[in-house]
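Q: Dumping the structure here so I can ask a few things about it.
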Amino acid sequence: MDNLAVDPEHDEVDPEDDDDVHDPEDDDDVHVIVFPPELLQEIEEQNRRCLMVMLLNPKVQKMVPMTSALLKAWRLTGSVECRVVVDDSKALFQFESESDLLWVLDQEPWSFNDWMLVVDRFDRRDEPDYLRFMNFWVEIVGIPWNYRNDAVIKRIGSVVGEVLEIHEQGPGVRARIRVDVNEGLEFERRVLFERSDEDVEVRFVYEKLKMFCQTCGSLAHHKARCPDE
Ligand SMILES: [Zn+2]
């Protein structure tokens, strides 16, 4: 006989035996709270004017001083407030005007207590890349002037992230680059231009960059705590 055969008789649950089963019908005072659609609409509208801010190194960055420091740094006191502290690493800020919210995004990257912060629109919360990127201005140093054009700058800048905008000022090249905060930062790359005899070193200088791991380039821990050490 097959020992694993299931006897359907034994599988049946006797409701009398199961004290854990809760039948809502037995409960006289179970009520569902239903909010009117206008209220839900109002909350959705408020959510569209919210930015989520995430600490990248919450071991060092503390939430309460961060919220007041950010409000001060934004110089928008009165038209923006910290609506909810979500957990030890995230807080939601609500703006009165969309233009203030866009200004904060435009001025990225932000930092607190010497470590970087990620800022994202709360209405992007269902996107797979939510709270994963920050935009840096990166100076790209060392591209030979005779090979410099947008395609070359974009290709070299892609080592750092997606190149969104390029500014050329005299001999310098600056690019607005969307950087994945889960990847280690890149600081240099050797580049070979086909007609050159030898490769050249190109360096990336991140504007407004604060602390990072000098071993792996992570924005989330100090070298002393690096798993690669
Ligand atoms: Zn590291």
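Q: For the range 134-141, check the following and say yes or no: at least one residue is under 24 Å from ARG49 (Cβ atoms), surrounded by fewer than 21 Cβ atoms within 10 Å (Cβ to Cβ) and touching an Asp or Glu at 6+ places or on another chain (Cβ under 6 Å).
A: yes
Q: Can you find, within the range 169-185, the residue that is nearest to the ligand (Cβ to nearest atom) among those that are surrounded by 14 or more Cβ atoms within 10 Å (Cβ to Cβ) and more than 21 Å from LEU105 (Cα to Cα)?
A: Filtering the range 169-185 for residues that are surrounded by 14 or more Cβ atoms within 10 Å (Cβ to Cβ) and more than 21 Å from LEU105 (Cα to Cα), the one nearest to the ligand (Cβ to nearest atom) comes out as GLY184.
Q: If you check every pair at least six apart or on different chains, which have Cβ atoms under 7 Å apart with a residue in the range 124-147 that is more than 15 Å from HIS167 (Cα to Cα) first and a residue that is crowded, with 16+ Cβ neighbours inside 10 Å and of a type in the set (Lys, Arg) second?
A: Going by the 7 Å Cβ cut-off, the qualifying pairs are PHE133/ARG178.
Q: With the structure loaded, tell me whether ARG190 is of a type in the set (D, E, K, R) and either within 30 Å of ALA73 (Cα to Cα) or touching a residue at least 60 places away in the same chain (Cβ under 8 Å) (or both) or whether it fails that test.
A: no
Q: For the range 187-229, how many residues meet the condition of being in a loop (DSSP other than H, G, I, E, B), exposed (fewer than 14 other Cβ atoms within 10 Å of the Cβ) and within 16 Å of the ligand (Cβ to nearest atom)?
A: The total comes to 4.
Q: Could you please let me know if VAL163 is more than 16 Å from the ligand (Cβ to nearest atom) and either free of Cβ contacts under 8 Å to residues at least 24 places away in the same chain or over 30 Å from ASP100 (Cβ atoms) (or both)?
A: Judged against the criteria, VAL163 is a match.
Q: Here's a check for you: in the range 31-58, which residue that is surrounded by fewer than 10 Cβ atoms within 10 Å (Cβ to Cβ) and charged (D, E, K, R) is nearest to ASP120 (Cα to Cα)?
A: GLU45
Bear in mind that the values in this text are calculations on the coordinates, not laboratory data. What you see is a predicted model, and the numbers here were worked out from it, not measured in a lab. Every residue, glycine among them, receives a Cβ derived from its backbone with ideal geometry; neighbour counts consider all protein chains shown.
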